[in-house]
Amino acid sequence: MTHQDLMAGPPATLLPEDPAAAELAAGTAPATAVRHHPASPFAWAALAEEARDNGDDDVTVYAFSRVGYHRSLDMLRRNGWKGHGPVPWEHEPNRGFLRALALLALSARAIGETPEWERCSEFLRDSSPAAYDALLG
């Protein structure tokens, strides 16, 4: 007889391959990738990173990362996520969500939205300690 581990948390969510990831890796501009794949967390995270790296206004980075974050939540839910639980950094397709979440945290802090910074950075740590260390640590 087997017993269910009642102390175990929810299973890890593993997102499917994001088609924008391959386009971006091949050199497609983030804005073009967003136009080709508007639901792509990878594309929106890349657009937010590009804006940040170009020195664009923090509000622009915040807006792009927030879209990526919300697109990520939709995708997570479609793939069995119940609002909590691990989203491992080690699973490459999860990185669009995790990058968007980290960028949202950082840009929230940059515009003085301290409660949002705290929520997002904690959410990132809870989702993937490895992502937190890589992106915010």
TM-like helix rule applied to the chain (DSSP H, alpha carbon span at least 20 Å on the long axis, mean Kyte-Doolittle at least 0.0) gives 95-110
With the 8 Å Cα cutoff and a minimum separation of six or more residues, the chain has a relative contact order in percent of 25 percent
Mean accessible area per residue over the stretch 1-136 (1.4 angstrom probe, all protein chains present, square angstrom) is 54 Å²
Counting only protein heavy atoms with a 1.4 Å probe and every protein chain in place, the carbon and sulfur fraction of the accessible surface of the stretch 27-137 in whole percent equals 50 percent
Rg/Rh of the stretch 27-137 (Cα atoms, Kirkwood Rh), to two decimals, equals 0.95
Helix-only [θ] at 222 nm, the chain, -39500 (n - 2.57) per DSSP H run of 4+, per residue, nearest 500, equals -19500 deg cm²/dmol
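The values are calculated or read from the model by the stated rules, or taken from the named source; none is laboratory data. Not measured: the values here are computed from a predicted model. Calculation scope for accessible area: heavy atoms of the full protein, side chains included, ligands and nucleic acids excluded. Shrake-Rupley method; radii C 1.70, N 1.55, O 1.52, S 1.80 Å.
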